[in-house]
1. For the range 138-152, take each phi angle, set θ = phi - 60°, evaluate the Karplus expression 6.51 cos²θ - 1.76 cosθ + 1.60, and give the result in whole Hz per residue in order, putting x for glycine and proline.
2. So for the pair E190, D209, with labels modelled 7 Å out along Cα→Cβ, what separation do we get in nm?
3. Determine the gain in length on full extension of the stretch A80-N165; use 0.36 nm per residue of separation and subtract their C-alpha separation, reporting nm with one decimal.
4. Compare K123, K191, K179 in a GNM of the chain, Cα atoms joined below 10 Å, and give the one with the largest fluctuation.
5. What residues have an amide H closer than 5 Å to that of L110, excluding those fewer than 5 places away on the same chain, when H is modeled at 1.01 Å from N in the peptide plane?
6. Say a site is exposed when it is one of the GluC sites (Glu not before Pro), sits in a DSSP loop, and has at most 16 other Cβ atoms within 10 Å; what is then the longest site-free stretch of the chain?
7. Pairing the Cα long axis of helix 189-200 with the longest principal axis of the chain, what angle in degrees results, from 0 to 90 and rounded to the nearest 10?
8. Normalised by the residues of the range 1-120, what does the relative contact order come to in percent, with Cα pairs under 8 Å and at least six apart?
Amino acid sequence: RVCGLRPTRQRVALADLPRIERVRLTYDYPDWTGLASEVDEESRDIRAVSGTKVSIEIESDGPLEEPLLVHDGRSETLAANGRTNVGTLAIEKPGTYHIAATVAGERVALSDEYAIEIVPDEKPIVQIERPGRDWRATNIEEVPVRVRAEDDFRLQRVELRYSINGGEWRSLPLDRGIKETRKQTLLELEKLGEQHQQASGSALLAPGDLISYYAVAKDHKHSVQT
């Protein structure tokens, strides 16, 4: 203590922070995923594929003053209705978010930092199960071909492609718009020979001719072939 001087007195004001009682996340997935909307009231972390829109509904023990959704260094005002506040977050990259509001004239965080995780869109898997190898056939035979394909979200298209004697590749659609398929079709060699004759003016299929074939599976952004 310095003689003749009195210490400056300061005041500390205490304020009760509002409490977040419930968080509801509603996931609106992109159309290409084929997923229906989903509600999560258990986890406050967000885990979704890029392009998902997540509605964040919070319920507090009382009305909030200037409620905010804070993420990636940005703040967005939440729509308030009594004790309920709602905002929407477009998921494009990983990060974190939290809820904030004004208390006693200061902006304060009312929640922990919650994670935003991006779920990767994996490539499809495609396989020719039958015959699954080279095959010898007559020019009037029907060769059974079974193709299996799957994707983590949804297959946009699955097709069988074939070429006669190194000519133009043709496509035979098998399935689309589903997550998994096991589709069987026939390579009708007599009919293929007629089509080949009409297209090229050559003779029908004969011993020694060669048909090459493979399967293709496509999802939102990947294309995979056998």
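1. Values, residue by residue: 7, 6, 10, 7, 9, 8, x, 10, 10, 10, 10, 8, 8, 9, 6 Hz.
2. 1.3 nm
3. Answer, rounded to one decimal: 23.7 nm.
4. The residue that fluctuates most here is K191.
5. Amide H neighbours of L110: I99, A100, A101.
6. Details: sites that count: E41, E42, E65, E92, E113, E122, E141, E168.
In short, 169-226.
7. Orientation of helix 189-200: about 90 degrees from the principal axis.
8. Values: 246 pairs, mean separation 30.2, N = 120.
Normalised by residue count, the contact order of the range 1-120 is 25 percent.
The values are calculated or read from the model by the stated rules, or taken from the named source; none is laboratory data. Everything numeric in this text was worked out from a predicted model, so none of it was measured. Note: ideal-geometry Cβ built from the backbone for every residue, glycine included; neighbour counts use all protein chains shown. Keep in mind that these areas ignore ligands, DNA and RNA; they rest on the heavy atoms of the full protein, side chains included. Shrake-Rupley method; radii C 1.70, N 1.55, O 1.52, S 1.80 Å.
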